[in-house]
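Student: Pasting in a structure now, in structure tokens, and then I'll have a few things to ask.
The values are calculated or read from the model by the stated rules, or taken from the named source; none is laboratory data. Nothing here was measured: the structure is a model prediction, and the numbers come from that model. No Cβ is skipped: glycine too gets one built from the backbone with ideal geometry, and neighbour counts run over all protein chains shown.
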Amino acid sequence: MDVKTLKTRVCQAVEEHKEEIMALGDSIFQEPELGYKEYKTAAKVKQFIEEKIGMPYEDGIALTGIIGKMSGRDHKANLAIMGELDAVVCPEHPYADPDTGAAHSCGHFAQVAATFGAALALKASGVMEELDGDIEFWGVPAEECVEIEWRNELRSKGTISFLGGKQEMIKLGYLDNVDLSLMIHSQPGSTCKTTGTSVGFVSKFVKYTGKEAHAGGAPHNGINALNAAQIGLMAIHANRETFRDEDTIRVHPIITKGGDLVNIVPADVRIEAYVRGKTMASVLDASKKVNRSFEAGAMAVGAEVEIVEIPGYMPRINNKAMNELFAANCAELIGAENCTYTEHSTGSSDYGDVEHLIPGIHPYVGGATGVEHGSSYAIQDREMLYLVAAKAMAMTAIDLLANGAEKALEIKQNFTPVYANKEEYLAAWEELMK
Ligand SMILES: [Zn+2]
């Protein structure tokens, strides 16, 4: 059977099952959960797999992750299609969880519906039996980098090692046998967008410790931690001219605690900071300058400074050949005039870590409206949000795995990973966090 026929069949199957797919997405939208706590969301996916798809799965991965697997007629390549389970914090959102403030204003609910909708269509249409590779469908926890303190507690207890769910699943070995991967991210508007690269980051908790004294009566007996912090921030600014344009470095610190009482010399001042850049080498370079700056502030006034490094995410390096396949499929579905391309963006996702190991893409599909991460984020076009996304991913999977999985193997052959394996990847993070 030719690729065109397989695609027609899978798209028909998406249409035949559209009510179930849209119901899954809507239900997740209305019951948002934060990362590593997506128990209800994972249960919905599990129920969908059991009742609608019927495929072997494993759940409880990295606390809430779930992976379903389907085999082709041959096993020349293994593709992972991923959807993120978690929400962001946006208490003003109409569907925000009243207790946690969680809301789906990043559109991850639609990724999950599209991912498992694609699985349903590939199975129900019989297309899976015509492919020469296998597909895993991942429901991944914790993409949003929120509740850092709580996640750090989990890290110190050894429950998790990374803030990001994909990183954690890589560490647990789930990516070891995956050859290439694919996911979509929802976006407001009515277009599809493929992208080239993005930035990675590390984050820091900084604590300045000074010495308390009466601010009016005896400031000479104190050590002013707020002054130390301010000099540290100024020293960062003094380094900005050394950041190269092509590295798109972003350093954005905030003071989270500036002192205890206005008539006491501040002795406990805290800062949180992100350092972002286009490559991990450039992030590391900027990160060293930022640390040096924070230390300079402490040195100037004789305070102590403690810098806690928190692993962030690696930059995305989307695969060109896979982007082209995806864009061609989107063009077929919604017209080439509605498909765009952006070379570089300055947002971050833990999908970048996946792309440091295997070829992958992270394109955007419209159908939402409002501001991303804002209270106005809403569903506008369910057909696009869920069904176009499911079809485009299933069609791309067909491109990759039909005809002896020729395309997948060719892409794999032409791909040079930044890290040859999981061990190198983990060692790199260890080095970065020294
Ligand atoms: Zn997102």
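Student: Going by what's in this entry, would residue 198 be described as closer than 22 Å to residue 105 by Cα and within 16 Å of the ligand (Cβ to nearest atom)? I'd like the intermediate steps shown before the answer.
Tutor: Values: closer than 22 Å to residue 105 by Cα: yes; within 16 Å of the ligand (Cβ to nearest atom): yes.
Considered against the rule, which asks whether it is closer than 22 Å to residue 105 by Cα and within 16 Å of the ligand (Cβ to nearest atom), residue 198 comes out as yes.
Student: Please work out which residue is nearest to the ligand (Cβ to nearest atom), limiting yourself to region 208-234 and to residues that are in a strand (DSSP E or B) and buried (at least 19 other Cβ atoms within 10 Å of the Cβ).
Tutor: Within region 208-234, the first condition is being in a strand (DSSP E or B), and the residues that meet it are 208-209, 211, 214, 223.
If we keep only those that are buried (at least 19 other Cβ atoms within 10 Å of the Cβ) too, we end up with 208, 223.
On the way: 208: 33, 223: 42 Å.
The selected residue is 208.
Student: Looking only at strands (runs of 3 or more DSSP E) that lie completely in region 260-374, which have at least 2 residues being surrounded by fewer than 20 Cβ atoms within 10 Å (Cβ to Cβ)? Can you show your working first?
Tutor: Numbers: elements: 268-277, 304-311, 339-344, 364-369.
It comes to 268-277, 304-311, 339-344.
Student: Let me ask another. Go through region 1-86 and tell me which strands (runs of 3 or more DSSP E), entirely inside it, have 2 or more residues that are in contact with a Pro (Cβ under 8 Å, 6 or more places away or on another chain).
Tutor: Values: elements: 57-61, 65-70, 78-84.
In region 1-86, 65-70 are the strands (runs of 3 or more DSSP E) which contain 2 or more residues that are in contact with a Pro (Cβ under 8 Å, 6 or more places away or on another chain).
Student: Turning to a different aspect of this structure: Given (1) over 24 Å from residue 361 (Cα atoms); (2) at pLDDT 95 or above, where does residue 1 come up short, assuming only one miss?
Tutor: Looking at each condition in turn, residue 1 falls short on (2).
Student: While we're here: Looking at region 120-131, can you tell me whether even one residue there is more than 18 Å from residue 310 (Cβ to Cβ), within 16 Å of the ligand (Cβ to nearest atom), surrounded by 22 or more Cβ atoms within 10 Å (Cβ to Cβ) and in the same structural domain as residue 382 (by TED's automatic domain parsing)? If you could, list the steps in order and put the result at the bottom.
Tutor: Just the residues of region 120-131 that are more than 18 Å from residue 310 (Cβ to Cβ), to begin with: 120-131.
Next, from what is left, pick out any that are within 16 Å of the ligand (Cβ to nearest atom): none.
For region 120-131, residues more than 18 Å from residue 310 (Cβ to Cβ), within 16 Å of the ligand (Cβ to nearest atom), surrounded by 22 or more Cβ atoms within 10 Å (Cβ to Cβ) and in the same structural domain as residue 382 (by TED's automatic domain parsing): absent.
Student: While we're on this one: Name every residue in region 92-118 that is out of contact with any helix residue (DSSP H, G or I) (no Cβ under 6 Å at 6 or more places or on another chain), more than 10 Å from the ligand (Cβ to nearest atom), in contact (Cβ under 8 Å) with a residue 40 or more places away in the chain and part of a loop (DSSP other than H, G, I, E, B), in order of residue number.
Tutor: 92, 93, 94, 96, 97, 100
Student: Does region 37-46 include one or more residues that are more than 16 Å from the ligand (Cβ to nearest atom) and of a type in the set (S, T, N, Q)? So that I can check it myself, show each step before the final result.
Tutor: Filtering region 37-46 for residues more than 16 Å from the ligand (Cβ to nearest atom) gives 37, 39-40, 42-46.
Of the ones still in play, those that are also of a type in the set (S, T, N, Q) are none.
Scanning region 37-46, I find no residue that is more than 16 Å from the ligand (Cβ to nearest atom) and of a type in the set (S, T, N, Q), so the answer is no.
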